[in-house]
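Chemist: After the structure tokens below, expect a handful of questions from me.
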Amino acid sequence: MGDLILIVEDEPKLAALVRDYLQAGGYRTEWLADGREALHRLKADPMPSAVLLDVMLPGMDGLEVCRAVRAFSDVPIVICSARVEELDRLLGLELGADDYVCKPFSPRELVARVKSLLRRAQGRLAPATLLPAAGGFAIDEAGQRIVWQDQVLSLTPVEFRLLRHLLQHPGRVFERAQLLDLIHEDFRDVSDRVVDSHVKNIRRKLAALDPPQECITAVYGVGYRLDA
């Protein structure tokens with residue numbers, strides 16, 4: 001049986017359309033139309049493989065659902081919203097979403113984005129092989145995890161790719177556009193300022209591990225580098 005995709009959308013016709021395309025792509029689907037119900041569902045078993053999350057929902061706003069889910073799970077989340085402004089996209093990604101799709105969207109493209117996210121997350125259950133990296137970190141490629149002093153960082157797939165790249169090239173400055181190409185290689189339709197939101201999330205998670213220094217340094221007017 002295929003991966004389970006949770007569709008959280010209060011427009012029945014749109015939800016049915018997305019469901020049909022996902023099922024044609026070999027996925028199982030579950031549909032909810034209420035944000036609060038979706039949050040309760042995500043706290044129960046089985047956890048879906050990915051979540052398609054509308055923003056304007058009854059019960060609880062989709063962005064608040066995303067924020068709450070990130071407190072206990074790194075399940076891939078794609079926000080599907082009619083809010084097309086850059087600030088809305090940045091907010092969604094800053095709250096922990098892995099992707100942001102603006103309505104109206106192509107159902108085929110949405111399925112392709114889901115496939116891409118799941119492909120990158122498939123190795124998480126494989127036996128861990130830790131590869132040493134800069135700053136005393138270690139990278140588990142198969143599990144898409146990064147470890148520091150036996151502590152595992154809870155990263156989304158996008159955050160993992162970004163931090164892994166910086167760890168593999170310590171001291172090198174990368175422009176925001178370069179990092180955006182890396183983390184959103186399939187469909188680049190967002191501003192390179194999205195990188196700032198991802199870096200902010202990574203810094204917050206690194207700070208919780210209490211490393212000896214700030215690892216990711218902003219280079220004014222250019223981008224970021226990792227200081228080992």
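Chemist: Could you give the angle, 0 to 90 degrees to the nearest 10, between helix 12-24's Cα long axis and the longest principal axis of the Cα atoms of the chain?
Modeler: Compared with the principal axis, the helix lies near 70 degrees.
Chemist: Moving on. Checking the cross-link filter: which lysines have an alpha carbon closer than 20 Å to that of Lys115, excluding same-chain neighbours under 8 positions apart?
Modeler: Lys103
Chemist: Which of the trypsin sites (Lys or Arg not before Pro) found in the range 8-41 are in a DSSP loop and have at most 11 neighbouring Cβ atoms, other than their own, within 10 Å?
Modeler: On the way: sites: Lys13, Arg19, Arg28, Arg36, Arg41; in loops: none.
Sites meeting the loop and neighbour criteria: none at all.
Chemist: Kindly report the accessible area of the range 1-116 per residue (heavy atoms of protein chains, probe 1.4 Å, no ligands, DNA or RNA), in Å². Don't jump to the answer; show the numbers that get you there.
Modeler: Values: 5270 Å² over 116 residues.
Per residue, the range 1-116 has 45 Å² of solvent-accessible surface.
Chemist: Ok, one more. I'd like to know which of Ala218, Val111, Gly171 lies farthest towards the positive end of the charge dipole of the chain, counting +1 on Cβ of Lys and Arg and -1 on Cβ of Asp and Glu.
Modeler: Going by the charge dipole, the pick is Gly171.
Chemist: Whenever you get a sec, compute what percent of the accessible area on the chain sits on carbon and sulfur atoms (1.4 Å probe). Please list the in-between numbers first.
Modeler: Numbers: 5610 of 10770 Å².
Its accessible area is 52 percent carbon and sulfur atoms.
Chemist: For Leu14, Leu22, what's the largest-to-smallest order of accessible area, 1.4 Å probe? Each step should come with its number before you reach the end.
Modeler: Values: Leu14 35, Leu22 0 Å².
Per-residue accessible area, sorted high to low, gives Leu14, Leu22.
Chemist: Let me ask something else about it. In terms of solvent-accessible area of protein heavy atoms at a 1.4 angstrom probe, what is the ranking of His165, His198, highest value first? Can you show the working numbers first?
Modeler: Values: His165 45, His198 0 Å².
Reading off the accessible areas and sorting them downward yields His165, His198.
Chemist: Another one. If you fit an axis through the alpha-carbon atoms of helix 157-168 and take the longest principal axis of the Cα set of the chain, what angle between them do you get, 0 to 90°, nearest 10?
Modeler: With rounding to tens, the tilt is 10 degrees.
Chemist: Please compute the alpha carbon radius of gyration of the chain, then divide it by the globular-protein estimate 2.2 N^0.38 Å. Two decimals is fine. If you can, show how the numbers build up before the last one.
Modeler: Values: Rg = 17.5 Å, N = 228, 2.2 N^0.38 = 17.3 Å.
Cα-based Rg divided by the globular estimate yields 1.01.
Chemist: With the crude spin-label approximation of a point 7 Å out along Cα→Cβ, what separation in nm comes out for Ala218 versus Cys102?
Modeler: Placing both labels 7 Å along Cα→Cβ, they lie 2.4 nm apart.
The values are calculated or read from the model by the stated rules, or taken from the named source; none is laboratory data. Since we're looking at a predicted model, the values are computed, not measured. No Cβ is skipped: glycine too gets one built from the backbone with ideal geometry, and neighbour counts run over all protein chains shown. Surface accessibility is based on the protein's heavy atoms, side chains included, excluding ligands, DNA and RNA. Shrake-Rupley method; radii C 1.70, N 1.55, O 1.52, S 1.80 Å.
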